[in-house]
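Asks: Let me begin by handing over the structure; questions about it come next.
The values are calculated or read from the model by the stated rules, or taken from the named source; none is laboratory data. Since the model is a prediction, treat every value here as computed from it, not as a measurement. Note that we place each Cβ from the backbone using ideal geometry, even for glycine, and neighbour counts take in every protein chain shown. Only protein heavy atoms, including side chains, enter the accessible area calculation; ligands, DNA and RNA are left aside. Shrake-Rupley method; radii C 1.70, N 1.55, O 1.52, S 1.80 Å.
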Amino acid sequence: MSARLVLLGPPGAGKGTQAARLAERLGVPAISTGDIFRANIKGGTELGVLAQSYSSRGALVPDEVTNAMVRDRLAEPDAAEGFLLDGYPRNVAQVAELEAILADAGLQLDLALEITADPDVVTERLLKRAEIEGREDDTADVIRHRLDVYAEQTAPISAVYAERSLLAKVDGIGEVDEVTERLLAVIGTAAS
């Protein structure tokens, strides 16, 4: 089944876990912008060198660079039958850019999946993860701030996809397998 999907969700909602599981079940690559950045930087590509020049001084990589990397990645053969994007688009301008990238290839997005999660549950999860991984900077205040920033930045993206009838919200709380099945059920409904 070909599927072109965007995965949205707050930190700690299980996006990374679900992206890997969905990609495997659907037979499409899970593509995270973090992975794209790392691959370009490690490969010493022109875009990677440019991205590193920003990130090494603590600056955000500009949209043009991110968009170009995503365009290149989606043109790779393994993404021809579909993909699951995690971490892109991050703003409304990138939503329009993704549309343009797909339109240039005669394609369109099938669905934007937003994994929802109660902020208290997510904060608890992230505090537990911080404890296990020894992340001393992940305090409850820092985590709540990250969740607020996420909500502020993502709300407009969700709204755009909702206006286009492409948004599906799925509860991310529960056993990992349950959440995967909920997501697959929504994808299956959208595909039929």
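Asks: Quick one: if the Förster radius is 45 Å, what FRET efficiency do Ala39 and Thr139 give, using the C-beta to C-beta distance and rounding to 0.05?
Replies: Working: r = 32 Å, r/R0 = 0.70.
That gives a FRET efficiency of 0.90.
Asks: At a probe size of 1.4 Å, how large is the accessible area of Ser56, to the nearest 10 Å²?
Replies: Estimated to the nearest 10 Å², Ser56 gives 90 Å².
Asks: Could you report the chain's accessible area per residue, 1.4 Å probe, as an integer in Å²?
Replies: Values: 10320 Å² over 192 residues.
Roughly 54 Å² per residue, with all protein chains present.
Asks: Report, to the nearest whole %, how much of the accessible area of the chain belongs to carbon and sulfur atoms, 1.4 Å probe, protein only. It would help to have the intermediate numbers written out before the result.
Replies: On the way: 5330 of 10320 Å².
Answer for the chain is 52 percent, counting heavy atoms of protein chains only.
Asks: Still on this structure: Given Cα pairs under 8 Å that are at least 6 residues apart, what percent is the relative contact order of the chain?
Replies: Details: 246 pairs, mean separation 59.6, N = 192.
It rounds to 31 percent for the chain.
Asks: Continuing with this model, one more query. Work through the residues other than Glu131 whose Cβ is under 15 Å from its Cβ and net out their charges, Lys, Arg +1 and Asp, Glu -1. Mind dumping the intermediate values first?
Replies: On the way: positive: Arg125, Lys128, Arg129, Arg135; negative: Glu124, Glu133, Glu136, Asp137, Asp138.
Net charge around Glu131: -1.
Asks: Using unit Cβ charges (K, R positive; D, E negative) and no other charged atoms, how large, in debye to the nearest 20, is the dipole of the chain about its Cα centre?
Replies: Values: 19 positive and 32 negative charges, 45 e Å.
The dipole magnitude comes to about 220 debye.
Asks: To the nearest 0.05, what FRET efficiency results for Ala100 and Ala159 with a Förster distance of 22 Å applied to their C-beta separation?
Replies: Numbers: r = 19 Å, r/R0 = 0.88.
Efficiency for this residue pair is about 0.70.
Asks: Within the chain, which is the longest segment that contains none of the GluC sites (Glu not before Pro) sitting in a DSSP loop with at most 10 other Cβ atoms within 10 Å?
Replies: Details: sites that count: Glu136, Glu175.
By the stated rule (loop sites, at most 10 other Cβ atoms within 10 Å), 1-135.
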